[in-house]
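A.B. asks: Shown below is the structure under consideration.
The values are calculated or read from the model by the stated rules, or taken from the named source; none is laboratory data. Predicted model only: the values in this text are computed from it and were never measured. Glycine also receives a Cβ, built like all others from the backbone with ideal geometry; neighbour counts cover every protein chain displayed. Only protein heavy atoms, including side chains, enter the accessible area calculation; ligands, DNA and RNA are left aside. Shrake-Rupley method; radii C 1.70, N 1.55, O 1.52, S 1.80 Å.
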Amino acid sequence: MWFRFLSFLGLQLCAGLLGWQWAAYFGALVGVVLAGIFWMLLDAVRGLRVMRWLRTGEATQAPYMQGWWGEITDRTRRWLRQTQQKMLDAETRLQEFLAAIQASPNGVVLLDAQGRIEWCNHIAAEHFGFDAQRDLQQQIGNLVRDPAFAAYYADADFSRGTFMHGRGGTASRPVRLSVHLHPYGDGRRLLLSRDVTALEQAEAMRRDFVANVSHEIRTPLTVMSGFVETMQSLPLDEGQRERYLGFMAQQAQRMQTLVSDLLTLSSIEGSPAPSNSEWIVLRDLLAQCAREAEALSGMVTAGQPKAHALRFGPMPEGSIAGASSELLSALSNLVSNAVRYTPAGGRIDVRWQPLPDGRAEFSVKDTGPGIASEHLSRLTERFYRVDPSRSRETGGTGLGLAIVKHVVQRHGAELRIESTQGQGSRFAIVFPASRLRGAVPQTASIQ
């Protein structure tokens, strides 16, 4: 400020002295006026340079000057740099925030006061069928025409959410979305969407599971209660008493088998994944399956003119990595199912066979009644039975193949089911090579 004032005063003083020497008082006055005009023009030129620079807004192109305008230029340049840095920081934070929303498992849509789409993440685009670029500034009501959402949006009561059908579903597996609108800012709204298909399916499975367990236990309890009431209220001879007690023991065994299978399934689902470091000898594992199968076959075919033609062969050497109890449960379930459903005199072949790619297949093939193709995809569902009455007669709980499916998945294996109605079935588990060690079949077999 002082430099500016002193430079103006100095210029006028010099011009006045020169004018005095030229024409005394008149020359001094003319020199002072001309000096003032020259100083103002010079100052205006410097101001114009600053204004021209300000119009460009580039901090790196600031003119170099001294004095008042130099101070203004320097301060403005620093302010521009700070502002640009703040804008860069804000842009970085915005991009990080948008990247975080993009990574969210839920759909996010930003709507303006008129209901137009300002931004959406990829999950929301999948949920509603948007094009993240093309559909910007489109009315949400023109793109989402689900009646439930339309009624919710028109109601303008956003204190609660609603449910609607999502894109990509099928008649057998519809996609269900939970959507909720949250007002914010000046009339804007935030639309959140969440895929609740799996949750609703899990809830439905839970209800079905409870209903199925209740039904499975209620039937033998009703039978046992009836027999107990009969024995308490009627005089029975020794033969009748033994007969009723036998029926009660049968129903008690049925409930015990059901509880055992439920505990096995719960243990498998709640335990950590099987280790690759625990090795089980294959010969011992299959020999135990053979003993259990022979014992069950003897019980099923007792009193029948022919027994099952049960063949285990050839028995392998080597080991398999995994949980021994789970593997035994899975293999035994496949063999016991074949024994239960194959009529007396039928043939059951159990084999362990190496595959060319290093994997190995455990298979159980029977000559039973077979299974119609429409049932094959649902066989591993809990309590699903092709013939409920026959399954209960043979002592099945409807949980065996569900246990097999979970064990197979936990060991990285593959379950294969082939069946032709009237000709028999073949169930096989293909184990990955990473869980096998020296599993080569030998000539020995168990008949």
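A.B. asks: Could you check how much of the accessible area of the range 90-145 is carbon and sulfur, as a whole percent, using a 1.4 Å probe? Don't jump to the answer; show the numbers that get you there.
C.D. replies: Values: 1620 of 3140 Å².
Summing carbon and sulfur atoms, their accessible area is 52 percent of the total for the range 90-145.
A.B. asks: How much length, in nm to one decimal, is gained on full extension between LEU192 and VAL175, taken as 0.36 nm per residue of separation minus their Cα-Cα distance? Mind dumping the intermediate values first?
C.D. replies: Details: separation 17, 0.36 × 17 = 6.12 nm, distance 1.60 nm.
The span from LEU192 to VAL175 would gain 4.5 nm if fully extended.
A.B. asks: Just to verify a number: FRET efficiency for LEU355 and HIS375, C-beta to C-beta distance, R0 = 22 Å, to 0.05?
C.D. replies: Working: r = 27 Å, r/R0 = 1.24.
With a Förster radius of 22 Å, E is 0.20.
A.B. asks: Same structure, new question: Accessible area per residue, 1.4 Å probe, Å², for the range 71-158: what's the number?
C.D. replies: Working: 5400 Å² over 88 residues.
So the range 71-158 comes to 61 Å² accessible per residue, rounded to a whole number.
A.B. asks: How big is the gap, in Å, between the Cα center of the range 243-297 and the Cα center of the range 118-185?
C.D. replies: The range 243-297 and the range 118-185 have Cα centres spaced 48 Å from each other.
A.B. asks: I'd like the FRET efficiency for MET51 and ARG116, computed as 1/(1 + (r/R0)^6) with the beta carbon distance as r and R0 of 51 Å, rounded to 0.05.
C.D. replies: Details: r = 39 Å, r/R0 = 0.77.
According to the calculation, E is roughly 0.85.
A.B. asks: Next question. Rank by packing, highest mean first: peptides 368-374, 336-342, 175-181, with packing defined as the count of other Cβ atoms within 10 Å averaged across residues. Walk me through the intermediate numbers first.
C.D. replies: Working: 368-374: 15.1, 336-342: 23.4, 175-181: 19.4.
Ranking, from highest mean packing down: 336-342, 175-181, 368-374.
A.B. asks: While we're looking at this one, here's another question. Search the structure for amide H atoms under 5 Å from the amide H of GLY346, placed 1.01 Å from N in the peptide plane, and list their residues when 5 or more places away or on another chain.
C.D. replies: Correct list: ALA309.
A.B. asks: At a 1.4 Å probe radius, carbon and sulfur cover how many percent of the accessible area of the range 275-418?
C.D. replies: Numbers: 3120 of 6350 Å².
Ligands and nucleic acids excluded, carbon and sulfur reach 49 percent.
A.B. asks: Further, regarding this structure: Which ³J(HN,Hα) values, rounded to whole Hz and listed in residue order, are derived for the range 402-410 from phi using the Karplus coefficients 6.51, -1.76 and 1.60 in 6.51 cos²θ - 1.76 cosθ + 1.60 with θ = phi - 60°, glycine and proline given as x?
C.D. replies: Whole-Hz 3J(HN,Hα) from phi for the range 402-410: 5, 5, 4, 4, 5, 5, 4, 5, 5.
A.B. asks: Moving on to the next point. Per-residue HN-Hα couplings for the range 176-183, Karplus 6.51 cos²θ - 1.76 cosθ + 1.60 at θ = phi - 60°, whole Hz, x for Gly and Pro?
C.D. replies: After applying 6.51 cos²θ - 1.76 cosθ + 1.60, I find 10, 10, 9, 10, 8, 9, 10, x Hz.
A.B. asks: Give the shape of the range 211-323 as rounded, prolate or oblate, defined through the alpha-carbon gyration tensor: a ≥ b ≥ c are the square roots of its eigenvalues, a/c under 1.5 means rounded, and otherwise the shape is prolate if a/b is larger than b/c and oblate if not. Numbers along the way, then the final one.
C.D. replies: On the way: a/c = 4.09, a/b = 1.68, b/c = 2.44.
Here the range 211-323 falls in the oblate category.
A.B. asks: Tell me the label-point distance for the pair ALA309, TYR184, using the 7 Å Cα-to-Cβ offset, in nm and rounded to one decimal.
C.D. replies: Going by the 7 Å Cα→Cβ label model, 7.3 nm.
A.B. asks: For LYS405, give me every one of the lysines with a C-alpha distance below 22 angstrom, ignoring sequence neighbours fewer than eight places off in its own chain.
C.D. replies: Cα-Cα hits under 22 Å: LYS365.
A.B. asks: While we're looking at this one, here's another question. What are the residues whose amide H is under 5 Å from the amide H of TRP119, where those residues sit 5 or more places off or on another chain and H is modelled from the backbone?
C.D. replies: LEU110
A.B. asks: Run the quick spin-label model on SER233 and THR420: label points 7 Å from Cα toward the beta carbon, then report their separation in nm to one decimal.
C.D. replies: According to this spin-label approximation, the distance is 5.4 nm.
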